[in-house]
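To start, the structure under review is shown below, and the notes come after it.
The values are calculated or read from the model by the stated rules, or taken from the named source; none is laboratory data. Keep in mind the model is a prediction, meaning the values are calculated, not measured. Here the Cβ positions follow ideal geometry from the backbone for every residue, glycine too, while neighbour counts run over all protein chains shown.
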There are 2 protein chains.
Amino acid sequence: MTKLSTSPYKGTRDYYPEDLALRNYVFSKWREVCNSFGYEEYDASVLEPLELYASKTSEEIVSQQTFSFEDRGGRKVTLRPEMTPTVSRMVAARRQELGYPLRLFSIPNCFRYERMQRGRTREFWQLNVDLFGVAGIEGELEIAQVMDRTLKVFGATPDMYEIRVNSRKSLNAMIEAAKPKQDVNSVLRVVDAIDKLSTEEFALKLSEVLKDPKSLIEALKSNQPNEELETLIQKADKLGIKLKYSPELARGFDYYTDIVFEVFDKNPENNRSMFGGGRYDGLVKTFGAEAVPTIGFGMGDAPLYNFLEVNNLIPKVKLKTDVMLIPITEDDLENVNDVANQLRSEGKNVAIDYDITRKFDKRMKSAQKLKIPQIATIENGELKFKDLL
Amino acid sequence: MTKLSTSPYKGTRDYYPEDLALRNYVFSKWREVCNSFGYEEYDASVLEPLELYASKTSEEIVSQQTFSFEDRGGRKVTLRPEMTPTVSRMVAARRQELGYPLRLFSIPNCFRYERMQRGRTREFWQLNVDLFGVAGIEGELEIAQVMDRTLKVFGATPDMYEIRVNSRKSLNAMIEAAKPKQDVNSVLRVVDAIDKLSTEEFALKLSEVLKDPKSLIEALKSNQPNEELETLIQKADKLGIKLKYSPELARGFDYYTDIVFEVFDKNPENNRSMFGGGRYDGLVKTFGAEAVPTIGFGMGDAPLYNFLEVNNLIPKVKLKTDVMLIPITEDDLENVNDVANQLRSEGKNVAIDYDITRKFDKRMKSAQKLKIPQIATIENGELKFKDLL
């Protein structure tokens, strides 16, 4: 037989117990925050019909980045690149039976076939938080609080990040005034890239998509938040959350309809967008159900790990096993399950080393390799504990 | 825009909060049992290179039941139909760094493109428990205990199920003595189906694959467990676990090398195999790493739900939100976030109904629809709690 590769599939990673313990820690904190705001967890399959993403998710993602294939029954199917179309589908399916305001969250794995760079993976996990049935800015205010808590819960302080906010409606009006050559979305994508471009490059790119680029540059400089945004910023401030008005903020997805958020990492080593969200009132309606006002955000795990790392916020996570039981004699081996079960009934997580032929030193080293904090030897029926770490 | 379907992809299902609460309950019990025996959780991507399954997983699954496709880079990739090849790959990749005995478990979703029947799904979750580095029957004894606990932890009693055990080595020897016409595996598959066939059908099927089918039928009837099995059965009995010797038990996967287990549901409504496992010492070696003795089992979620249902063991699971806060006046709405945050700091999970224009009755009904057990009204600054359930 030829030797098989031990590598995971390209763009994915393995989670050995210590890796998974860290991921489980992050997920449990996310769950804690969502639950405290009254959000309930849902899930769906990673497989979705391809048509679910057409004309919703950004064009670039659908046509160039999906993992799509035809199944054995000829159906076109996709590994979800994001969760928003799925949750909209699920809410539409039970539009009448569900109670509102409806608060839902999920931590799905998503797939995007992106160029591999800077430790990027093609599979990632994403916290998705969505509030259905709140039309007013109370919804935005709540989502801003949840976004803020998802960082503070890990020990982050407000100086480490910045929550930016904008009105897509205001931005759209400014773009219309600057006479777009093609559709507004193509202009939005240029505006959204402002942070990555020099002033000259930005002006040049704008002149390709606008008849009057200067009017937009002027508007972005001089513009003030509209009344709704101003109210939101003030109310958030009273709750101890600083929102920064950013007139050029657009967010990638086409489905956002009004206020959008983006959270930036302020650490100089890692100065970039971490996650964001916004209002997308139109999605449930596309399934033929009555429209429902919706606002939400999605937060990938990789940017968060980076953020926690550069800010020294990753804790030492522990594994679950409490003690490795080491029988010494034949008789001790014969009784080891009874001893282990007694310790288990007292609430301890107990592993057993059955190999009494191995040298004691080697057995202890194995327990250390396994990161088990304590060993317990049984010698002639006598149980002795010893801390390893 | 044409109306999109709200159905999930064929063969998969949506998990609304109550569905997921039940799944999370089952998974948390599984984790509790595994941790108590010293097993640590791992995970890997649902995507694996197709070649990982060739000549490991059963031929039928690979050629007819995998969800396989070619990615945008021309790689052949599969949605995992089972977890055993993955965990073998992961152990092989770090064969030297890991400590032994190594105890690993995972609860992956797996995909098999099966004919749709009896509520079967093409995506399912499966508890996978594997013990690496124990060559003797102490390993079998431990795995039998873990299998037994995964049912008892849900309140099951020993009369509800039966743990069957066999030696693949003994069975193989019996088959060899009956002169197989083709390979042994094709005979194993017939033997494994004995429960689904009448005595005549079984004899007929055997005569198609054996030159001397009668010798096998005789051997299956009269055979006694070999010494190793006998010891295992006695030791398990002392720990309160009844193992039933079943000389015809084979298990579907080709990679089992010696003792195999199968757990049967004894309820007349649901009399069938629920899950099983066995020893498969050869898998890690196929990755070019030093061989490691291994024994494990896999337990799908669907058979367990059936088992719990017919035995009336499914508990009433609760959602996470404790209280729906209902502000009555404009001023109350203005202060609702402060009140909510105060309650949250006391450990309560608090949702808010912001719509003070709705009739109180409707707002209360929404909270009931959402299965929230308590409401709290704030009227002119006064907070009053009321139980709903």
Query raised in the report: Given the structure, is B:GLU269 modelled with pLDDT under 90 and either more than 29 Å from B:VAL187 (Cβ to Cβ) or outside the structural domain of B:GLN145 (by TED's automatic domain parsing) (or both)?
Result: yes
Report task. Determine the pairs where a residue that is touching a residue at least 40 places away in the same chain (Cβ under 8 Å) and among the aromatic types (Phe, Trp, Tyr), located within segment B:296-308, has a partner that is outside any strand (DSSP E or B) and surrounded by fewer than 19 Cβ atoms within 10 Å (Cβ to Cβ) with Cβ atoms under 7 Å apart, the partner being 6 or more residues away or on another chain. Result -> B:PHE307/B:ASN270
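Within segment A:209-228, identify whether any single residue is under 26 Å from A:ALA156 (Cα atoms) and loosely packed, with under 14 Cβ neighbours inside 10 Å, and answer yes or no.
Filtering segment A:209-228 down to residues under 26 Å from A:ALA156 (Cα atoms) leaves none.
Checked segment A:209-228: no residue is under 26 Å from A:ALA156 (Cα atoms) and loosely packed, with under 14 Cβ neighbours inside 10 Å.
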Query raised in the report: Which of the residues that make up segment A:13-28 are free of Cβ contacts under 8 Å to residues at least 40 places away in the same chain, of a type in the set (A, V, I, L, M, F, W, C) and surrounded by fewer than 19 Cβ atoms within 10 Å (Cβ to Cβ)?
Result: none
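Residues are listed down the side, and each one gets a yes or a no for (1) part of a helix (DSSP H, G or I); (2) within 30 Å of the chain's Cα centre (by Cα); (3) of a type outside the set (Asp, Glu):
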{"site": "B:LYS205", "(1), (2), (3)": "yes, no, yes"}
{"site": "B:LEU216", "(1), (2), (3)": "yes, no, yes"}
{"site": "B:GLU228", "(1), (2), (3)": "yes, yes, no"}
{"site": "B:ALA236", "(1), (2), (3)": "yes, yes, yes"}
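Go through segment B:1-12 residue by residue and tally those that are surrounded by 18 or more Cβ atoms within 10 Å (Cβ to Cβ) and among the small types (Gly, Ala, Ser).
At the first step, the residues of segment B:1-12 found to be surrounded by 18 or more Cβ atoms within 10 Å (Cβ to Cβ) are B:4, B:6, B:8-9, B:11-12.
With the extra rule that they be among the small types (Gly, Ala, Ser), the set shrinks to B:11.
So the answer is 1.
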Query raised in the report: What about B:VAL260, is it in the same structural domain as B:ALA173 (by TED's automatic domain parsing), touching an Asp or Glu at 6+ places or on another chain (Cβ under 9 Å), β-branched (Val, Ile, Thr) and buried (at least 17 other Cβ atoms within 10 Å of the Cβ)?
Result: no
Report summary line: Considering segment B:111-140, residues that are in contact with a Gly (Cβ under 6 Å, 6 or more places away or on another chain) and farther than 30 Å from A:ASP332 by Cβ, and then whichever is modelled with the lowest pLDDT, we arrive at B:THR121
Report summary line: Filter segment B:351-389 for residues that are under 37 Å from the mean Cα position of the chain (by Cα), over 29 Å from A:ASP148 (Cβ atoms) and hydrophobic (A, V, I, L, M, F, W, C); the one that is farthest from the other protein chains (Cβ to nearest Cβ) is B:LEU389
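Looking at this structure, is B:THR84 more than 9 Å from chain A (Cβ to nearest Cβ) and not basic (Lys, Arg)? If you could, list the steps in order and put the result at the bottom.
Working: more than 9 Å from chain A (Cβ to nearest Cβ): yes; not basic (Lys, Arg): yes.
So B:THR84 fits the description; yes.
Which residue is nearest to A:GLY38 (Cα to Cα), if the candidates are limited to segment B:312-362 and must be touching a helix residue (DSSP H, G or I) at 6+ places or on another chain (Cβ under 6 Å) and either of a type in the set (Val, Ile, Thr) or loosely packed, with under 15 Cβ neighbours inside 10 Å (or both)? Spell out how you get there, then give the answer.
Let us first name the residues in segment B:312-362 that are touching a helix residue (DSSP H, G or I) at 6+ places or on another chain (Cβ under 6 Å), namely B:314, B:317, B:319-320, B:324-327, B:344, B:349-350, B:352-354, B:356.
Adding the requirement that they be either of a type in the set (Val, Ile, Thr) or loosely packed, with under 15 Cβ neighbours inside 10 Å (or both) leaves B:314, B:317, B:326, B:350, B:352, B:356.
Details: B:ILE314: 25, B:VAL317: 17, B:ILE326: 13, B:VAL350: 5, B:ILE352: 8, B:ILE356: 18 Å.
Once the filter is applied, the top-ranked residue is B:VAL350.
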Query raised in the report: Applying the selection to segment A:321-345, what residues are within 9 Å of chain B (Cβ to nearest Cβ), of a type in the set (S, T, N, Q) and touching a residue at least 12 places away in the same chain (Cβ under 8 Å)?
Result: A:THR321, A:ASN337
Report task. Starting from residues that are surrounded by 22 or more Cβ atoms within 10 Å (Cβ to Cβ) and assigned to a helix (DSSP H, G or I), keep the ones in segment A:147-173 and report whichever is farthest from the other protein chains (Cβ to nearest Cβ). Result -> A:LEU171
Requested in this report: Looking only at segment A:30-39, decide whether some residue is in contact (Cβ under 8 Å) with a residue 12 or more places away in the chain and more than 20 Å from the chain's Cα centre (by Cα).
Outcome: no
Report summary line: Within segment B:87-119, residues being more than 10 Å from every other protein chain (Cβ to nearest Cβ) and touching a helix residue (DSSP H, G or I) at 6+ places or on another chain (Cβ under 7 Å) number 3
**Report entry** Residue satisfying condition, being more than 9 Å from chain B (Cβ to nearest Cβ) and not acidic (Asp, Glu), within set A:LYS318, A:LYS348
**Finding:** A:LYS318
Report summary line: A:THR86 vs (1) of a type in the set (S, T, N, Q); (2) outside any loop (DSSP other than H, G, I, E, B); (3) surrounded by fewer than 23 Cβ atoms within 10 Å (Cβ to Cβ): all pass except (3)
Query raised in the report: Before we move on, is B:GLY155 within 30 Å of B:LYS316 (Cα to Cα), assigned by TED's automatic domain parsing to the domain that holds B:ILE61 and not polar (S, T, N, Q)?
Result: yes
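State the number of residues belonging to segment A:17-29 that are at the interface with chain B (Cβ under 10 Å from one of its Cβ atoms) and either under 18 Å from the mean Cα position of the chain (by Cα) or at pLDDT below 95 (or both). Step through it out loud before you land on a result.
At the first step, the residues of segment A:17-29 found to be at the interface with chain B (Cβ under 10 Å from one of its Cβ atoms) are A:17-21, A:23-24.
When the remaining residues are screened for being either under 18 Å from the mean Cα position of the chain (by Cα) or at pLDDT below 95 (or both), the result is A:19-21, A:23-24.
Count: 5.
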Query raised in the report: Hey, does segment B:61-80 have a residue that's more than 7 Å from chain A (Cβ to nearest Cβ), under 20 Å from B:GLY277 (Cβ atoms) and crowded, with 23+ Cβ neighbours inside 10 Å?
Result: yes
Requested in this report: Filter segment B:38-52 down to residues that are more than 7 Å from chain A (Cβ to nearest Cβ) and either of a type in the set (D, E, K, R) or buried (at least 21 other Cβ atoms within 10 Å of the Cβ) (or both), then give me how many there are.
Outcome: 1
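In segment B:162-176, how many residues are closer than 14 Å to B:LYS244 by Cβ and in contact with a Phe, Trp or Tyr (Cβ under 6 Å, 6 or more places away or on another chain)? Please lay out each step first, then the result.
The initial filter retains those residues of segment B:162-176 that are closer than 14 Å to B:LYS244 by Cβ, namely B:162-167.
If we keep only those that are in contact with a Phe, Trp or Tyr (Cβ under 6 Å, 6 or more places away or on another chain) too, we end up with B:162, B:165.
Going through segment B:162-176 one residue at a time, the tally reaches 2.
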Report task. Would you mind listing the helices (runs of 4 or more DSSP H) fully within segment A:274-389 where at least 1 residues are within 28 Å of B:LEU232 (Cα to Cα)? Result -> A:330-345, A:360-369
